[in-house]
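Only the coordinates and a few stated rules stand behind these numbers; no lab work does. Please read these numbers as outputs of a predicted model, since none were measured by experiment. Please note: Cβ atoms are built from the backbone with ideal geometry, for glycine as well, and neighbour counts cover all protein chains shown.
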Amino acid sequence: MKNFLLLFIFLFILSTLKSQDQYIRNTSIDILHYKFDLVINDNNDSLFGKTTVLLKVIKPINGFSLDFTQPNPKGKGMFVKTISANGSDVSFTHENEKLNIEIDLVKGEYSFIIDYCGIPKDGLIISKNKHGDRTFFGDNWPNRAHHYLPVVDHPYEKATSEFVVTAPNHYQVISNGVLMETVDVDLELRRTSYRSYQPLPSKVMVFGAAKFAIQRSDSLGRIPVWSWVYPKKKKGDFMITQWQSIF
């Protein structure tokens, strides 16, 4: 009787969660990869972004939508400047937190570049830590990535991703996946690139930028482990630990 009751409760919760999920899935496309080129600065909270979306069209469509927050009366949100494919501009509308890309597509793979800017309403938290230092941290869960990234913001759609973040060079940047490159663009800016080869939902596609003290440990044998902490706290608790497989 007890086992039956537990099973009933589990099925009830499952059916309730399913009934609450009203997200409309687009089964005509499959997002394969996102590349997020982002520029942050210390002068204001503006974000400059250029997102490349690689997708596969499973059956012919006359357009598709991404989740993306448009500017609100208070000046927060993302303004889309252009969308292009194969070097040509593509028509779009941007309303009700949807970026509607208007283009006829047949079966195959396509790449779109979305150029935008704005002040994130949510998702990317720009603030100060307890030491008074400026920080940038993605907090996408459960569906807040679309406040600063044009994505399908639902766990059903998973894709590989890249973050290429250009920031003042006194910041260190951390993100999903493997560190690919760190380049000093000029005397003030540094570009840091990460790539994730594991398909992930948008809620965990994040990056962080702050002044960090970084320490490497080989305590797990062939899997390097780095500990990322605020410099003023480096003798205290670890803040972020990143494991990176070398296989």
Taking θ = phi - 60°, what integer Hz values does the Karplus form 6.51 cos²θ - 1.76 cosθ + 1.60 yield along the range 172-184, in sequence order, with x for Gly and Pro?
9, 10, 10, 7, 5, x, 9, 5, 9, 6, 9, 10, 7
Rg (one decimal) and Dmax (whole number) from the Cα set of the range 30-174, in Å, equal 15.7, 53
When we measure straight from the Cα of Lys158, which aspartates and glutamates land under 15 angstrom away, once same-chain ones fewer than 8 places off are left out?
Asp30, Asp67
Just subtract the alpha-carbon distance of Asn86 and Gln198 from 0.36 nm times their residue separation and send over the number in nm, one decimal.
37.7 nm
How much FRET efficiency would the formula 1/(1 + (r/R0)^6) give for Ile103 and Leu32, where r is the Cβ-Cβ distance and R0 is 25 Å, rounded to 0.05?
0.90
Would you list, by chain and number, the lysines whose Cα falls below 25 Å from the Cα of Lys232, excluding same-chain residues fewer than 8 positions away?
Lys128, Lys130, Lys211
